[in-house]
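Everything on this sheet refers to the single structure shown next.
The values are calculated or read from the model by the stated rules, or taken from the named source; none is laboratory data. Here the structure is a predicted model, which means the values were calculated and not measured. Here the Cβ positions follow ideal geometry from the backbone for every residue, glycine too, while neighbour counts run over all protein chains shown. Note: accessible area is taken over every heavy atom of the protein model, side chains too, but ligands, DNA and RNA are not part of it. Shrake-Rupley method; radii C 1.70, N 1.55, O 1.52, S 1.80 Å.
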Amino acid sequence: MTVRTATTADHDSIGALTVAVYVGEGYISPESPYADELADTARRAGSATLLVAEHDGEVVGSLTVARPGTPYADIARPGELEFRMLAVSSGARGLGAGTALVRTVIELARIEAFDAVVLTTMPAMADARRLYDRLGFTHAPQRDWVTPSGLRLTVMRLPLDSASG
């Protein structure tokens, strides 16, 4: 498994993968404005860092890294690096793509001297939640929030002084 910064050539596959996971697996409605946001990889790349996981030359996972104060940082406070839109293709699950992507964000946060890594997840995303728990993220219930459509979201945080490698 290789994790790298996405290139323009990856944008279409990232958008398709992310929509396939979030919409195709029933986490969000195809009519949701968020579906369009997930598909618009080029726009995201303009103000965030996109990472991809490759296996045998194919993009099998992706996520978006958002620094505090930037357009894609929903919850990051000063000193926190946020990631969003983690997606791993159903055929690649169990190969370590999600773990490799999240570990890369943790390492990036350490290199850039952030205090913590934060993320928002949906309660229905049980596989992702197991990954976050395994890597040491903990629920920050005081920071949970609700989307305009009424979807309740869970915020998780990993202080870097306790982050597992």
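Scan region 113-127 for residues that are of a type outside the set (D, E, K, R), open to solvent by 30 Å² or more (accessible area, probe 1.4 Å) and under 25 Å from GLU54 (Cα atoms) and jot them down. Step through it out loud before you land on a result.
The initial filter retains those residues of region 113-127 that are of a type outside the set (D, E, K, R), namely 113-114, 116-126.
Cutting the leftovers down to open to solvent by 30 Å² or more (accessible area, probe 1.4 Å) gives us 113-114, 120, 123-124, 126.
Once the filter is applied, which keeps residues that are of a type outside the set (D, E, K, R), open to solvent by 30 Å² or more (accessible area, probe 1.4 Å) and under 25 Å from GLU54 (Cα atoms), region 113-127 yields THR120, ALA126.
When you scan region 78-85, do you find a residue that is more than 25 Å from PRO159 (Cβ to Cβ) and in contact (Cβ under 8 Å) with a residue 60 or more places away in the chain, even just one? Can you show your working first?
Kept after step one, since they are more than 25 Å from PRO159 (Cβ to Cβ), are these residues of region 78-85: none.
Looking through region 78-85, none of the residues is more than 25 Å from PRO159 (Cβ to Cβ) and in contact (Cβ under 8 Å) with a residue 60 or more places away in the chain.
Specify which of the listed residues (ARG152, ARG110, ARG130) is out of contact with any Lys or Arg (no Cβ under 9 Å at 6 or more places or on another chain), open to solvent by 80 Å² or more (accessible area, probe 1.4 Å) and without any contact (Cβ under 8 Å) to a residue 12 or more places away in the chain.
ARG130
Kindly establish whether PRO78 is modelled with pLDDT of 95 or more, surrounded by fewer than 23 Cβ atoms within 10 Å (Cβ to Cβ) and assigned to a loop (DSSP other than H, G, I, E, B).
So PRO78 fits the description; yes.
List the helices (runs of 4 or more DSSP H) that sit entirely inside region 8-67 and contain at least 3 residues that are open to solvent by 10 Å² or more (accessible area, probe 1.4 Å), among the small types (Gly, Ala, Ser) and on the phi < 0 side of the Ramachandran plot. Reasoning before the result, please.
Values: elements: 11-22, 33-39, 41-45.
Hits in region 8-67: 11-22.
Can you name every residue in region 81-103 that is at pLDDT 95 or above and open to solvent by 50 Å² or more (accessible area, probe 1.4 Å)?
Of everything in region 81-103, just one residue is at pLDDT 95 or above and open to solvent by 50 Å² or more (accessible area, probe 1.4 Å), namely ARG103.
Which condition breaks for LEU17 when tested against (1) in contact (Cβ under 8 Å) with a residue 40 or more places away in the chain; (2) under 20 Å from PRO148 (Cα atoms)?
The failed condition is (2).
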